[in-house]
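Structure, as structure tokens:
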Amino acid sequence: MTQRVRVHCFNVSKDGIGAGEGQSLERPFGQLDPGDLFAWAGATASWIRRTEPGGTRGLDDYIVRDFTRGIGAEIMGRNKFGPVRGPWLDHEWQGWWGEEPPFHTPVFVLTHHVRPSFSLSDTTFHFLDTTPQEALRQAKAAAGGLDVRIGGGVTTIREFLAADLIDEMHIAVAPHELGCGLRLWDSPDELTDRFHLERVPRPSGFVHHFFWRR
């Protein structure tokens with residue numbers, strides 16, 4: 001089985017913005033309201049943060065469930081791990097996700113300021129100051145033959161696209177524009193020189209974009 005490099009359940013606005021400016025501990029997406037991007041996933045029965053019964057089934061729920069299917073490791077950027085910039089003030093901060101992170105695999109965090117690895121539940125975080133190619137080599141080795149997910153944020157996905165290391169992507173595009181922030185693209189059609197693209201509109205107004213290599 002071919003080991004793939006995937007982006008899955010990543011969310012952007014209609015104008016391609018995946019995160020706002022001014023990230024902080026209280027506002028992980030900066031001035032952007034994450035509900036504007038994640039509403040389609042939050043409505044599903046399988047949403048990882050669901051605390052009450054219910055939720056929708058169907059295609060959206062299938063896509064949410066597919067987030068972990070076949071994944072053996074994740075690569076993320078420093079700003080997805082946490083809002084701190086520059087050298088670590090201490091090593092007490094262990095990410096946004098509490099004692100039970102949703103990854104359940106090794107996670108490789110790209111940063112210019114490395115720190116010791118640590119584990120929370122069944123997720124171990126490793127910190128690398130290296131190229132996308134070397135990070136992917138280590139992640140593939142840790143994934144045990146399963147796929148590697150490029151988890152974001154925007155800057156990290158753009159770096160892996162620029163290095164031509166991504167095989168498949170699922171991007172959910174919200175039905176509204178945000179105007180400013182970190183932009184994944186000006187148009188998804190920019191990628192159709194390398195990827196097939198299929199758009200699947202949903203009644204919510206979100207449009208699922210599926211990319212796979214030509």
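The values are calculated or read from the model by the stated rules, or taken from the named source; none is laboratory data. Note that the structure is a prediction, hence the values are computed from the model and not measured. Positions of Cβ are backbone-derived with ideal geometry, glycine not excepted, and every protein chain shown enters the neighbour counts.
Things to note:
- ASN11 being modelled with pLDDT under 90, under 15 Å from LEU184 (Cβ atoms) and in contact with a Gly (Cβ under 8 Å, 6 or more places away or on another chain): no
- Members of the stretch 158-180 that are within 22 Å of PHE206 (Cβ to Cβ) and either touching a helix residue (DSSP H, G or I) at 6+ places or on another chain (Cβ under 9 Å) or among the hydrophobic types (A, V, I, L, M, F, W, C) (or both): LEU161, ILE166, MET169, HIS170, ILE171, ALA172, VAL173, ALA174, HIS176, LEU178, CYS180
- Among residues of the stretch 117-162, those that are part of a strand (DSSP E or B) and either crowded, with 19+ Cβ neighbours inside 10 Å or within 18 Å of the chain's Cα centre (by Cα) (or both), counted: 12
- Residue that is nearest to VAL200 (Cα to Cα), among those in the stretch 132-157 that are among the basic types (Lys, Arg) and out of contact with any Lys or Arg (no Cβ under 9 Å at 6 or more places or on another chain): LYS140
- So ARG57, is it over 27 Å from ASP189 (Cα atoms) and modelled with pLDDT of 85 or more: yes
- Just one of the numbered conditions (1) under 16 Å from the mean Cα position of the chain (by Cα); (2) within 17 Å of ALA41 (Cβ to Cβ) is not true of VAL207: (1).
- Count of residues meeting criterion [farther than 27 Å from GLY181 by Cα, at pLDDT below 80 and out of contact with any strand residue (DSSP E or B) (no Cβ under 9 Å at 6 or more places or on another chain)] in the stretch 23-52: 2
- Cβ separations smaller than 6 Å between residues 6+ apart or across chains give no pair from the stretch 125-148 residues that are of a type outside the set (D, E, K, R) to residues that are surrounded by 19 or more Cβ atoms within 10 Å (Cβ to Cβ) and at pLDDT below 95.
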